[in-house]
Amino acid sequence: VSLLERLRARDDWRLTAQRRAVAGVLRGDHVHLTADAVHELARAELPEISLATVYNTLNELVAMGEVLEVAVGDGPKRYDPNVDVAHNHLRCVGCDELLDVRAGANRPKLAAGQAHGYRILDVEVIFQGLCPACQRRS
Ligand SMILES: [Zn+2]
Ligand SMILES: [Zn+2]
């Protein structure tokens, strides 16, 4: 189900033209756009939309659990509409490509004594490497 379809089904969030322009951009697989990129693409549909509106809308979508915020490396945050299926990320350190992947069945575990009394809720894994194109370049 696409983000836009999920949002249409909600009755607690009015799908204004601006919100539709932002959400419409976040569709498909392996989509991890920066706010700037979302802004650029949303302007194609709604030329007057501001970067501030894009940020506000993205933050609301993240708070609603409809969009994931992905932080990788030291670059800007990326926004990912793929919340239906739990997934990990595969990142190319050469060109910053970011793909959705599923990890093997065994989630990484802390070594003995490393939990510091925490009850662990979640693990985020980013696999990093060089994509085929970057391997050819190096
Ligand atoms: Zn690459
Ligand atoms: Zn993702």
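For the chain, take the longest principal axis of its alpha carbons; what is the angle in degrees between that and the long axis of helix 51-63, to the nearest 10 within 0 to 90?
Approximately 60 degrees, to the nearest ten.
Below 8 Å between Cα atoms, with a sequence gap of 6+, how large is the relative contact order for segment 44-135 in percent?
Working: 82 pairs, mean separation 21.1, N = 92.
The value is 23 percent.
Sort ILE126, ILE49 by accessible area with a 1.4 Å probe, largest first.
Sorted by accessible area, descending: ILE126, ILE49.
Amide H of ASN82: which non-local residues (sequence gap of 5 or more, or other chain) have their own amide H closer than 5 Å, using H built in the peptide plane?
LEU68
Using only Cα atoms and rounding to the nearest 10 degrees, what angle (0 to 90) does helix 35-45 make with the longest principal axis of the chain?
Roughly 30 degrees between the two axes.
Please list, in chain and number order, the residues 5+ apart from GLY94 or on another chain whose amide H is under 5 Å from its amide H, with Hs placed from the backbone.
For GLY94, the qualifying residues are CYS131.
Can you give the % of DSSP beta bridges in segment 51-129 that are antiparallel, to the nearest 5? Could you put the intermediate results ahead of the total?
Working: 7 of 11 bridges.
Bridges in segment 51-129 that DSSP calls antiparallel: roughly 65 percent.
Exposed loop GluC sites (Glu not before Pro) only (DSSP loop, at most 11 other Cβ atoms within 10 Å): please give the longest stretch of the chain free of them, not including the sites. Could the numbers behind the result be given before it?
Details: sites that count: GLU48, GLU124.
Looking at the chain, 49-123 is the longest stretch - no exposed GluC sites (Glu not before Pro) with at most 11 other Cβ atoms within 10 Å.
With the Cα gyration tensor of segment 53-138 giving a ≥ b ≥ c as the square roots of its eigenvalues, does the rule (a/c under 1.5 for rounded; else a/b larger than b/c for prolate; else oblate) give rounded, prolate or oblate? All intermediate terms of the calculation are to be shown ahead of the outcome.
On the way: a/c = 1.94, a/b = 1.04, b/c = 1.86.
In terms of gyration-tensor shape, oblate.
Given the rule -39500 (n - 2.57) for each run of at least 4 DSSP H residues, summed and divided by the residues of the chain, what is its mean residue ellipticity at 222 nm, to the nearest 500 deg cm²/dmol?
Details: 5 runs with 46 residues, N = 138.
About -9500 deg cm²/dmol.
Given labels modelled 7 Å from the Cα in the Cβ direction, how far is it in nm from ARG27 to ASP11?
So the label points at ARG27 and ASP11 sit 2.5 nm apart.
With θ set to phi - 60°, apply the Karplus curve 6.51 cos²θ - 1.76 cosθ + 1.60 along segment 10-16 and write out the HN-Hα couplings as whole Hz, x wherever there is a Gly or Pro.
Values, residue by residue: 8, 9, 9, 8, 6, 8, 6 Hz.
Read phi for every residue in segment 79-93 and hand back ³J(HN,Hα) as whole Hz from Karplus 6.51 cos²θ - 1.76 cosθ + 1.60, θ = phi - 60°, with x for Gly and Pro.
3J(HN,Hα) across segment 79-93, in whole Hz: 10, 10, x, 8, 9, 5, 10, 4, 8, 10, 10, 10, 10, 8, 6.
How big is D, in µm² s⁻¹, for segment 1-65 by Stokes-Einstein at 37 °C and 0.692 mPa s if Rh is the Kirkwood radius over C-alpha pairs?
Numbers: Rh = 11.9 Å.
Stokes-Einstein gives a translational diffusion coefficient of 276 µm²/s.
The values are calculated or read from the model by the stated rules, or taken from the named source; none is laboratory data. These numbers come from a predicted model, not from an experiment. Please note: Cβ atoms are built from the backbone with ideal geometry, for glycine as well, and neighbour counts cover all protein chains shown. Each accessible area value is taken on the protein alone, full model and side chains, heavy atoms only, with ligands, DNA and RNA left out. Shrake-Rupley method; radii C 1.70, N 1.55, O 1.52, S 1.80 Å.
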